[in-house]
Each structure stands twice: as C-alpha cells, then as structure tokens.
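Asker: Provided herewith is a single structure, encoded as structure tokens, for subsequent inquiry.
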Amino acid sequence: MKVNIKKFTNVLVMLVVIAVAFNAGASLRRSQNFVLPTDNKDNLSASAIIKFTPECNPVQLEKSKAADTEDRQLFRNVYNLVKTHYVDYVTPEMETKMARGAVKGMVESFNDPENRFLDPIERKLLDDAGNGRFYGIGAILSLKSVKIDKPGITQPSKDANGKLDVVKIIIMSPMPGSPAEKAGLKAGDSITHINNKWIITTDPFLLANLDGLSKAVRNKELGLFEYQKTFDMVEKQLEEGLDIPKALEMLTAQSSGDITVKVERPGNKKPQEFKMQCSETYVNPVVYKPLDKKIDYLKISQFNSAASIMFNKEIARIKSSDSKGLIIDLRNNPGGLINVGAQIASKISGGGKLGTVIKINSRNPITMAKSPKFNKPIVVLINKGTASVAEMVAASWKSYNKATLVGTNTFGDGLAQTPLILKDGSTAVITTGRMLTTSGADFNGKGIAPDQIVIETNKSKDSQLEAAQRILLSKLSKPENPKVNAK
C-alpha cells in the first residue's frame, strides 16, 4: 500500500500538536502505520545515545529564505487555532511542549528508527556519551526494524510481502568496564524484557490478529466470548509492558539500581537473563599497553575529540620505540565522528581517502591528511560491536597498510546521522547519508568480514587477542623481499 507522505505528515503534525497540548492518552492504532505507545511523563528517554555520537558535525539553524508553503500554513493554522480556542489559557510551557511534540512527530514520521528528537536534557546525555561518560547498563543501543511472519494476519496489517514490522532494541556495543560488559551482554543481543516486563516492540493487537478474529465473529465462526478473552489478554500485555522510550530510559539513563534484562542472542534457541547494577561508566577512548615479544597494543573504544589527541601521543611513542608490530583493538567500538576517524586513520595509513559519504545530491569523499605512514606490521581486532566509523577505519587500514583483520564480522552500520541544533538547546538527529569504505563497498547491514575468523568462546582468556599475536609474529618471522638493484 502506497502512502501519500505529504498528506500523512500533515495529519501526523496536527495529531501530535493537539495530543501534546491536551495531554491526551494515547490509543493504539490498528493499521499499517502503528506508532508504539509513548509515556507523556517527563523522562530522560535516553534515545540520546542510540547509535552513539552522530557521525557528522552539527548543523546550526539558519533563517529560512524559502517561500511559505501549504504545509507551513497548516502547522501555523493548527497552532493558532489551539491557542485561540482551547478551553484554558495556553501557557508558555504548553507552547514549548506543543512545538517540541510537533518536531518530534515530523522527525519520526519517516519510519527511520534512528531519526530522533532530543530535548535539552536528552542532548546532554548525547554530549556525555561523546565524552566517554555513560549511564545505566553502559551500552550503545540501536533500534532495528525487522520484518517477521505472522500467519493469519491480513492486509493492510502486513506489507506486500506478507511481513509484519517489529522494532527491536539491539546491543550495538557494551562499553569497556560497563555493567553490561561485566554481566556478559554481547553486541547483537536483542533485549526483549526489562525486570520481567515485556518491551512493546509492535502492535500487540496485530500480533493477536484481532482483525481476523473480528471477521470470524461476523461470519459466526467465533464466539464473542473468545474474542473478548483475546482482547482482554492483549490489554493486559499493554498494561504490564514497557514502551520503547521508557525501556531506553531504564537501560541508559539510570545511575543506580538493579536491572534484569532478558535477551535473544543469535545462535541461541533459548532467551538468556542478565542481572546487573546500573552505574556511571567512564571510558578512556585510547588505551596503550606493551605486549611480550616487542608487540604493542592500542585499544580505541570510541572516536571522539579526546581519542584523536590521545592516539597521536601514543602512536608517536610507538613509532619511536623498538617494537616490531602493532595490534589495534576496535572491538566494541561503536564509532563516533567521521572527521576524528579520518584524523586517527591518517596516522597509520599516511593519508588518502578514508571512504565516501553519499548524500541525496552528492558524493562526498572523506579525505585523510598526509602523514608519515606507519611501517610496522599491523593486526586489527574487530567483532560484532565494531560499528559505523570504526568499520570504515578498519577497512581503510586493510587497504592502505595491508592490515590483517581478526575476529568476527562487524555490526554493519553504514548510515550517517547529523544533529540539527535548535535555538532552545534541543536537537533533531536525522539520517543524512550512507557511508562507503575506501574501496567503495556499502557495508550497511552487511558489516566488514575479518580475514581470520576467531570466535570468542573462553571467558578466562582473550582468544582473539592471542590469535592476533600469533598472526603478527608470523608476519614478523617472514623475511623481507630482497631489494633488487637497478642496473
């Protein structure tokens, strides 16, 4: 079923403005465009750190020179009508809620789970994460829209392929030293329950196929009692469940308190439960340590401004040392700023092109400044938690430095987000581009494959790091190609 986006957006904006102004209770929409129910209470929804720091630098609001349109008139007319005709005086606080609610509705109308609107408090969480400070379970999350089969559900509940949309909360990267990492959560885990409460990820009325049951009642194939029993069961599920904003708040905004999560892990048939204590987690973006047999080790946990400064310091020390090779650990690195990734990558590759960002009307190459190339052998560790800019950096080092990638397939997050900074301190984060690797490969949804697959199985030792050391020692043991003198 094709949707008229223009008309849909108009209706959505009107509904959001009116709903926020009156604090009306949300009702489930049994349609293809079902919107997960939200909580009107003030909260830190913590959608701020979904996907970590946006990859692109912020864009400031500029005065628009565009001519007035029917859509702008619609918004202004509804706004003025509500202010003029609402039964009570519309306070400045209510006006703020109306405006933010309208923006939130517009940003979310694209059905892109990573588009989001952040109020000033939520924006602070985003800034804190970018500076290495995390709350709750200390994990970077991703909202992933997937399609599932649900036999018996009829159109228009399903798409043309007979699938039903479900939004899942996925662990993108458990940060080093966080409650999530200590408890054993892994990248790729899908969180389904928090403290034994179901996370509402799709319309439960569709899952119960009430449309089909209603038809059966009309055809006298089903009694009203059975229909009402199913309806009551679904209502109970809703009352006992958690909407996604509340779930995100519990996972990423709390600085204390116990939390138990149930997850579905790829490859495991049964769900697993993990209990942990929420806390603040501070992450050092770059950590150096020497390994035995003259091998150096650098772990990069995120690409922020501090990471660039710290990496420059450590790589200068490694270059001047008598070490023979380097292991760079990008495991569970959720990414960060593209320009920071380019700065760090250049210190190893010596310059060139990190990758490309494809936007609606342009292809923008990401260039790396010229720098002395790192000439020692390199092995790069990657896993399912290696995402976004970290994936591009790993791929570039493979291209320029012939680095060996060791571990497991990366996350596959090739979409770039840009924060749009508004005057009141709030921010709209939207998807603005698609990232490609140095060689032009689109890794979104696919990830980067390692040269040597090593699956982490033993908690008592780091088998991936041990494998990286063996591969690096093997490289060091090979004799260099003899130089051929020109005649």
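The values are calculated or read from the model by the stated rules, or taken from the named source; none is laboratory data. Fair warning: this is a prediction, and the values are worked out from it, not measured in the lab. Virtual Cβ from ideal backbone geometry, glycine too; neighbours counted across all protein chains shown. Quick note on the areas: whole protein, heavy atoms, side chains included, nothing else; ligands and nucleic acids left out. Shrake-Rupley method; radii C 1.70, N 1.55, O 1.52, S 1.80 Å.
Residue-by-condition table, conditions (1) over 29 Å from the mean Cα position of the chain (by Cα); (2) more than 18 Å from K398 (Cα to Cα); (3) open to solvent by less than 40 Å² (accessible area, probe 1.4 Å):
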position	(1), (2), (3)
V287	no, yes, no
K294	yes, yes, no
Y297	no, no, yes
M310	no, yes, no
K313	yes, yes, no
S321	yes, yes, no
G336	no, yes, yes
K347	no, no, no
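Asker: Could you list, ordered by first residue, the pairs with Cβ atoms under 6 Å in which the first is in the stretch 332-343 and on the phi > 0 side of the Ramachandran plot and the second is among the aliphatic types (A, V, I, L, M), at least 6 apart or interchain?
Answerer: Matching pairs, first to second residue: G335/A387; G335/V389; G335/A390; G336/V389.
Asker: Let me ask something additional. Is there a residue in the stretch 276-285 that is assigned to a helix (DSSP H, G or I), of a type in the set (S, T, N, Q) and at pLDDT below 95?
Answerer: no
Asker: Another question, then. Considering only helices (runs of 4 or more DSSP H) fully contained in the stretch 173-242, which possess at least 1 residues that are touching a strand residue (DSSP E or B) at 6+ places or on another chain (Cβ under 8 Å)?
Answerer: 179-183, 204-207, 224-240
Yes/no matrix, rows are residues, columns are (1) touching a residue at least 24 places away in the same chain (Cβ under 8 Å); (2) surrounded by fewer than 17 Cβ atoms within 10 Å (Cβ to Cβ); (3) out of contact with any Leu (no Cβ under 9 Å at 6 or more places or on another chain):
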| site | (1), (2), (3) |
| --- | --- |
| K163 | no, yes, yes |
| S190 | yes, no, yes |
| I194 | yes, no, no |
| I200 | yes, no, no |
| N209 | yes, no, yes |
| E240 | yes, yes, yes |
| I244 | yes, no, no |
| A247 | yes, no, yes |
| T252 | yes, no, no |
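Asker: What residue, among those in the stretch 405-415 that are buried (at least 21 other Cβ atoms within 10 Å of the Cβ) and not acidic (D, E), is nearest to G440 (Cα to Cα)?
Answerer: G414
Asker: Got a number for residues in the stretch 411-449 being β-branched (V, I, T) and within 24 Å of K373 (Cβ to Cβ)?
Answerer: Of the residues in the stretch 411-449, 3 are β-branched (V, I, T) and within 24 Å of K373 (Cβ to Cβ).
Asker: Between a residue in the stretch 384-396 that is at positive phi and of a type outside the set (D, E) and any residue that is assigned to a loop (DSSP other than H, G, I, E, B) and open to solvent by 10 Å² or more (accessible area, probe 1.4 Å), which pairs come within a Cβ distance under 8 Å, given they are 6 or more apart or on different chains?
Answerer: Within 8 Å, the pairs are S388/F411.
Asker: Can you find, within the stretch 44-85, the residue that is modelled with the lowest pLDDT among those that are open to solvent by less than 60 Å² (accessible area, probe 1.4 Å), part of a loop (DSSP other than H, G, I, E, B) and among the polar types (S, T, N, Q)?
Answerer: S45
Asker: Please report, ordered by residue number, the strands (runs of 3 or more DSSP E) entirely within the stretch 347-464 with at least 2 residues that are closer than 30 Å to A99 by Cα.
Answerer: Fully inside the stretch 347-464 and qualifying: 415-421, 427-436.
Asker: Can you say whether G267 is open to solvent by less than 20 Å² (accessible area, probe 1.4 Å), of a type outside the set (S, T, N, Q) and either within 27 Å of D413 (Cβ to Cβ) or part of a strand (DSSP E or B) (or both), as far as the supplied structure shows?
Answerer: The answer is no for G267.
Asker: Next question, about the same structure. Given (1) under 25 Å from G136 (Cβ atoms); (2) hydrophobic (A, V, I, L, M, F, W, C); (3) out of contact with any Gly (no Cβ under 9 Å at 6 or more places or on another chain), identify the lone condition not met by C278.
Answerer: For C278, the exception is condition (3).
Asker: Which residue pairs have Cβ atoms under 6 Å apart, sit 6 or more places apart or on different chains, and have a first residue in the stretch 64-75 that is closer than 14 Å to A102 by Cβ and a second that is modelled with pLDDT under 70?
Answerer: Pairs found: L74/N10; F75/V13.
Asker: Filtering the stretch 428-466 down to residues that are open to solvent by less than 60 Å² (accessible area, probe 1.4 Å), of a type in the set (V, I, T) and within 24 Å of K299 (Cα to Cα), which residue is farthest from the chain's Cα centre (by Cα)?
Answerer: Only one residue fits best here, namely V454.
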